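Since the structure comes first, as structure tokens, the remarks are kept for the end.
Since every read-out is calculated from the coordinates, none of them should be taken as a lab result. These numbers were taken from a predicted model, which means no experiment stands behind them. Cβ coordinates were reconstructed from backbone atoms using ideal geometry, including for glycine residues, and neighbour counts include every protein chain displayed.
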């Protein structure tokens, strides 16, 4: 299994900012240290072309981010103060997801040690999301005729409003979001299939609901590739989550989702999405569960 990663995924933020920007490097180091990944499995993306960004974003917004032309209101909505480093990391992460999609088609499974920025809209960013890497990757792969039907499975605790909006009415892209009903975003454009969970939902209810949903989806939709947004913010310890998954429940979720796709021989691309554990280290280690599960399942499937 190959993954995308760049040291450029890190961009400095003001002291005390809630977004755990250090998690990308911490995750990469954890996966190498624990032999879940080897150095030769990591590929470094270049920056996504503006032309490709404009498949999902307006040219004005794509260029405003790059040129630093966002006003204060736009930056507040994005939740991140603009810097050139932020603009660079955003383009790198988008290309990382495009590359991961291509690698999944070649190898069956791949990942980006970033990505899943599902709140970004065509003309603005929000919720710590600058560009929508998944929407861009889907559109690039479809335009190149690599894929036709695409399934987005979004298990971030926050509904994937950007993807729901961008792919509204598109029968070739199935958007599924299982999230906290009362959590951000407060305006939730309809996905193909949405499940809003009550605050405090625990492992058993979450996993049962998800398993039923996956069975329903695969009965009705046959994707050429799946993009899996594996947010860890449903954890009980998450700063923003409001659900009550344990680490064991998170591991069972990853096993459930990945097994349901790999056993059908559908290529899968793994993406981080959100996570705000008490520390950067804990955030990275929770994200690592995705890759621990993926590595085990991938090797078992190949055998």
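Taking N as the number of residues in the range 130-210, what is its Cα Rg relative to 2.2 N^0.38 Å?
So the range 130-210 has a normalised radius of gyration of 1.17.
Among 260, 110, rank each residue by its count of other Cβ atoms within 10 Å, from fewest to most, as a rough exposure measure.
Ordered from fewest to most neighbouring Cβ atoms within 10 Å, 260, 110 come out as 260, 110.
Which order, highest average first, do 203-216, 161-174 follow once you tally other Cβ atoms within 10 Å for each residue and take the mean per peptide?
So the order, starting with the most tightly packed, is 161-174, 203-216.
Consider all pairwise Cα distances in the range 19-302 and report the whole-number % of them above 27 Å.
Every Cα pair in the range 19-302 considered, those over 27 Å come to 33 percent.
Within 10 Å, count the other beta carbons around each residue, average over each peptide in 89-95, 63-69, and list them highest first.
Result, highest mean first: 89-95, 63-69.
What ranking do 6, 244, 279 get, fewest neighbouring Cβ atoms within 10 angstrom at the top?
By the 10 Å Cβ count, ascending: 279, 244, 6.
Once you have the Cα-Cα distance between residue 50 and residue 208, take 0.36 nm times their residue separation minus that, and quote the gain in nm to one decimal.
52.7 nm
I'd like the distance separating the alpha-carbon centroids of the range 204-255 and the range 3-75, in whole Å.
Cα centroid of the range 204-255 versus Cα centroid of the range 3-75: 24 Å apart.
Place the peptides 81-88, 230-237, 177-184 in order of packing, highest mean first, counting for every residue the other Cβ atoms within 10 Å and averaging per peptide.
Packing order, densest peptide first, comes out as 230-237, 177-184, 81-88.
Mind giving me the nanometre distance, one decimal, between the label points for residue 215 and residue 263, set 7 Å out from Cα along Cα→Cβ?
Rounded to a tenth, the inter-label distance reads 1.1 nm.
Taking neighbour Cβ counts within 10 Å as the exposure measure, how do 199, 156 sort from fewest upward?
199, 156
What FRET efficiency, computed as 1/(1 + (r/R0)^6) with R0 = 25 Å and r the Cβ-Cβ distance, is obtained for residue 170 and residue 145, rounded to the nearest 0.05?
0.95
So in the range 19-302, what percent of DSSP beta bridges are antiparallel if you round to the nearest 5?
Taking every DSSP beta bridge within the range 19-302, about 10 percent pair in antiparallel fashion.
Can you give the calculated 222 nm mean residue ellipticity of the chain, where each DSSP H run of n ≥ 4 adds -39,500 (n - 2.57) and the sum is split over every residue, rounded to the nearest 500 deg cm²/dmol?
After summing the helix terms and dividing by residue count, I get -13500 deg cm²/dmol.
Quick check: Cα centre of the range 263-302 to Cα centre of the range 149-200, how many Å?
Value for the Cα centre distance between the two parts: 20 Å.
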